[in-house]
Structures are given as C-alpha cells and as structure tokens.
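Student: Once you've had a glance at the structure underneath, I'll fire off some questions.
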Amino acid sequence: MSERALVIVGSLNMDFVVRVERLPAPGETALGRAFQMIPGGKGANQAYAAGRLAKSVRARMIGRVGYDLFADHLKASLAAAGVDVSFVHATRSAPTGVALIWVDNEGQNSIVVASGANYALAPSEVEPMRPLFSSASYALFQLETPPETVVRALAVARQEGAKTILDPAPAQRLDAELLANVDLLTPNETEACILLDRPPARVSLAEAKSLAQALLAAGVKAVVLKLGDQGCFYCDREASLHSPAFPVHCVDATAAGDTFNAGLAVALAENQPMEQALRFANAAAALSVTSLGAQASIPSRAAVDTLVA
Ligand code: RIB
C-alpha cells in the first residue's frame, strides 16, 4: 500500500443550512425549519472525507481562512478527522468563506458561496506547495479558489509526480491550459454539460460514453461522470465502465460529490483497481446523502467497507 499523502487544495466554508419544504422561487420568501452551522467547503469536505476514509494515507489540506471563529471551527473539524491543517493559513484580507444552503424535502439543495478568504489563495503561493506535491500520490482540486491558482497548482503537482483529480465544481467553462494537467476529471451531469457548452440536462447511461469521450477530447487523461442515482461512468482512451449506485434514501445531497472524490482518491492511493475504487467511492457518496450537512454526513471507513461488502 502506498504511504504517499493525499493533498487537497481548495476551499473551507462555514455552511449555514436551513431545511425547507421546497426550494424558494426567485422573489419568494420561504419559511424554513431549524438552522444549523456545519463545516463545509468543497476542498475541506474532500480533505475531511479523505481523513475519515483513509487507512494509512495522510490527508493534507491547503487553503486560506480569515482571522475569525469560523476558521478555528473549520480547522478543528479537519484535525478531528486526522487531516494535517498546517498548510491552512489565515489572511487578514477577507473573512473565512461561508455558504448559504437550502435543503428541500427530496434532499436537493441550492447553495450560494461567499468565497472570502478562499480567494486569497493566490498563484504566487503555489511554488511553496511543491514539496507537498512531491510527497503526494494524488492531488485533489475543485473550483472554489481562484482559477489561476488551480491552473498553476495542477501544473506543479504534475511536475512533482502527483496524479491530479479535478472536481469541476462550481460548474464553469474551463480552458485547455487547465485541462491539460488533469489526470482524472470528475464532473456531475450539469458540470459535464457546461464544460462542453451544452444546456444542462440529465445524462442517460446510453449518452454517458459519448459525453465522457467529448471531455477526453478536451485534453484530460480520464473522466468519471458522476450520475447521481445512476452511479458513475469511467472512461479513458482504452476502456470504459459503469459502476451502479447503492440505493439509499436521500436526506441531503450536499457534499456527496466531495465524498465521492475523496473515496475515489483514497481507494486509488491504496492501489485498488479502478472498478473497485469506483464502487468504494459510490458507497461513500451513498452513505453521505443519508444524513444532513456536509462534513457532518461523511461516513467512516468501517461503514463504507460494510456497504461495499
Ligand atoms: O459541495 C458542497 C459544498 O459546496 C458545501 O459544503 C458548501 O460549502 C459549498 O462549498
């Protein structure tokens, strides 16, 4: 088993979560239920999940927070999952990131992120990350930090021998320079459509292969399409495979994609074959949707191993 670390470069947010009957329409006031503050942020969720799911691989988080109580809380949450937070630095230029989240009765959500300190992670700060990448098997990225920083960090991670996984969320068009340094791209259906400049739509299994191939043609080495209750679809230039979802009751889909990515990275870092790694990632994501919140919903290794078995 590899002992090299997993490095996660990305956002830390305090999530303000309210449950609602249904997501409000523009201009509508909705009466919600209980309010909760739950540690989140796509980067931090992936780091937390990697910390919970890894057996012997260390997870290291790189990110920026403000000088405030949320920062302390978010770092403590990661540390409790065994994540190395010594590369999460505080900036005086902005407060810690926050996300406002509504979750409806079907477990679907609507999220607005105020990036704050997450956008203080500048491209000029990438060079000092080099030694971290050189000791990493996989480096995980998302798009809640400045895109120029992601472009630079992907390139440096590759140069240092780490395999790169990009979760292209929040959804946006990406240029070829960024995609060229991605080993594994993991969009959900909406993100895949937006990357390809198509209207967002549900993707059937029959359509998955051509969509994944179009993404390969954009320059990445391999693609995992996250297809919700249809599981996921893997495709590289030689092979493709579908891994079905585990049927569960969805309470809240927040951080399911983050948990999937961390589960996949952990399994691949343990040298599990791709088919087994996808199944492990699907199981972790399935368990995460059965309870409310981002980091609060991320399962233990034992729970995932039980479901996989
Ligand atoms: O992927 C879920 C996350 O998106 C939430 O935790 C929120 O902070 C936003 O970053």
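The values are calculated or read from the model by the stated rules, or taken from the named source; none is laboratory data. The model shown is predicted, which means the values in this text are computed figures rather than measured ones. Backbone-built Cβ (ideal geometry, glycine too); neighbour counts: all protein chains shown.
Student: When only residues in the range 174-215 that are of a type in the set (Ser, Thr, Tyr) and under 17 Å from the mean Cα position of the chain (by Cα) count, which is surrounded by the fewest Cβ atoms within 10 Å (Cβ to Cβ)?
Tutor: If we take residues in the range 174-215 being of a type in the set (Ser, Thr, Tyr) and under 17 Å from the mean Cα position of the chain (by Cα), then THR190 is surrounded by the fewest Cβ atoms within 10 Å (Cβ to Cβ).
Student: Shifting gears a bit: Could you please tell me which pairs satisfy a Cβ distance under 7 Å, a separation of 6+ or placement on different chains, a first residue in the range 209-229 that is assigned to a strand (DSSP E or B), and a second residue that is among the charged types (D, E, K, R)?
Tutor: Listed by first residue and then by second, the contacts come to ALA222/ASP183; ALA222/ASP236.
Student: Is there a residue being away from the ligand (no atom under 14 Å from the Cβ), over 29 Å from ALA176 (Cα atoms), of a type in the set (Ser, Thr, Tyr) and part of a strand (DSSP E or B) anywhere in the range 82-94?
Tutor: Among the residues of the range 82-94, at least one is away from the ligand (no atom under 14 Å from the Cβ), over 29 Å from ALA176 (Cα atoms), of a type in the set (Ser, Thr, Tyr) and part of a strand (DSSP E or B), which makes the answer yes.
Student: State whether the residues of the range 152-166 include one that is under 26 Å from VAL112 (Cα atoms), assigned to a helix (DSSP H, G or I) and in contact with a Phe, Trp or Tyr (Cβ under 9 Å, 6 or more places away or on another chain).
Tutor: Within the range 152-166, one or more residues are under 26 Å from VAL112 (Cα atoms), assigned to a helix (DSSP H, G or I) and in contact with a Phe, Trp or Tyr (Cβ under 9 Å, 6 or more places away or on another chain).
Student: When only residues in the range 115-170 that are among the charged types (D, E, K, R) and over 21 Å from GLY263 (Cβ atoms) count, which is surrounded by the most Cβ atoms within 10 Å (Cβ to Cβ)?
Tutor: ARG152
Student: Which condition number in (1) among the charged types (D, E, K, R); (2) touching a Ser or Thr at 6+ places or on another chain (Cβ under 8 Å); (3) surrounded by fewer than 23 Cβ atoms within 10 Å (Cβ to Cβ) is the one that LYS55 fails?
Tutor: In the conditions (1) among the charged types (D, E, K, R); (2) touching a Ser or Thr at 6+ places or on another chain (Cβ under 8 Å); (3) surrounded by fewer than 23 Cβ atoms within 10 Å (Cβ to Cβ), LYS55 misses (2) alone.
Student: What do you reckon, is GLY41 modelled with pLDDT under 95, at positive phi and within 16 Å of the ligand (Cβ to nearest atom)?
Tutor: When the stated conditions are applied, GLY41 does not pass them.
Student: Within the range 238-271, can you find the residues that are among the small types (Gly, Ala, Ser) and either within 16 Å of the ligand (Cβ to nearest atom) or under 18 Å from the mean Cα position of the chain (by Cα) (or both)?
Tutor: ALA245, ALA253, ALA255, ALA256, GLY257, ALA262, GLY263, ALA265, ALA267, ALA269
Student: Of LEU74, LEU78, which residue is surrounded by 15 or more Cβ atoms within 10 Å (Cβ to Cβ), in a helix (DSSP H, G or I) and away from the ligand (no atom under 11 Å from the Cβ)?
Tutor: Only one candidate passes the filter, namely LEU78.
Student: How many residues are assigned to a helix (DSSP H, G or I) and farther than 27 Å from GLU270 by Cα when one looks only at the range 111-151?
Tutor: Residues meeting the conditions: 12.
Student: Quick check, is ALA218 surrounded by fewer than 23 Cβ atoms within 10 Å (Cβ to Cβ) and aliphatic (A, V, I, L, M)?
Tutor: Here the answer is yes, as ALA218 does meet what is asked.
Student: Follow-up. Just to be sure, is VAL20 more than 9 Å from the ligand (Cβ to nearest atom), at pLDDT 95 or above and more than 22 Å from the chain's Cα centre (by Cα)?
Tutor: Yes; evaluated as a whole, the condition is true for this residue.
Student: Now for a different question. Could you list all residues from the range 44-67 that are within 11 Å of the ligand (Cβ to nearest atom) and either assigned to a loop (DSSP other than H, G, I, E, B) or not aliphatic (A, V, I, L, M) (or both)?
Tutor: ASN45, GLN46, TYR48, listed by residue number.
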